[in-house]
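Read through the structure below, which is laid out as structure tokens, and then see the notes.
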Amino acid sequence: MFPFPSVIPMGTTAREEMRRFWEKNSRSNRPLSPHVTIYKWSLPMAMSITHRGTGVALSLGVSVFAVAALLLPEHFPHYLAQLRALGPAPLLLFLAKFSLAAPFSYHTWNGIRHLAWDLGKGLRLPQVTQSGLLVLALTLLSSAALASL
């Protein structure tokens, strides 16, 4: 069947390894995998989850905007004029713009931080915390600047 008689089919070896793995886990009474609730939350953990969340939110936002642009009967300036006609309070307008700018700003600054990590820079724990705080500060400042336009 096989050109080399000493070769064992991969499926048999993998199946045996799986059986041993599950037997060992059953005997040790350990959970299948650690759950996020057993960890003490840290800034890098929260920022990693937030980075993924903002990435998903931005993708969905762009998708919804694109579908709306294709399906709505009027062009964008028409809907913008309708919003302006509502005459929202300046603070409400600022908060709405800030809410739209914050995920974009955060994801951008944190993405730059990840690029630095890809280059091997800033990977020590104190540097990770410092760069995280810098990302948060830059996010607040750039979001406020964009919202004030």
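Quick notes on this one:
- Cα→Cβ-extended label distance, 7 Å offset, between residue 45 and residue 92, nm: 4.0 nm
- Label-to-label distance, residue 15 versus residue 146, with points set 7 angstrom from Cα along the beta-carbon direction: 5.4 nm.
- In Å², nearest 10: area of residue 76 left accessible to a 1.4 Å probe: 120 Å²
- Dimensions of the chain based on its C-alpha atoms, expressed as ranges along the principal axes with the largest first, amount to 80, 46, 34 Å.
- Average accessible area per residue (Å²) across the chain - probe 1.4 Å, nucleic acids and ligands excluded: 81 Å²
- For residue 41, the accessible area of its heavy atoms, probed at 1.4 Å with every protein chain present, is near 140 square angstrom.
- When each of the peptides 59-69, 43-53, 82-92 is scored by the mean number of other C-beta atoms lying within 10 Å of its residues, the order from highest to lowest reads 43-53, 59-69, 82-92.
- Percent carbon-and-sulfur accessible area, segment 34-149, ignoring ligands, DNA and RNA, probe 1.4 Å: 75 percent
The values are calculated or read from the model by the stated rules, or taken from the named source; none is laboratory data. None of the values given here were measured: they were computed from a predicted structure. Please note: Cβ atoms are built from the backbone with ideal geometry, for glycine as well, and neighbour counts cover all protein chains shown. Areas reflect the complete protein model, heavy atoms only, side chains present, ligands, DNA and RNA absent. Shrake-Rupley method; radii C 1.70, N 1.55, O 1.52, S 1.80 Å.
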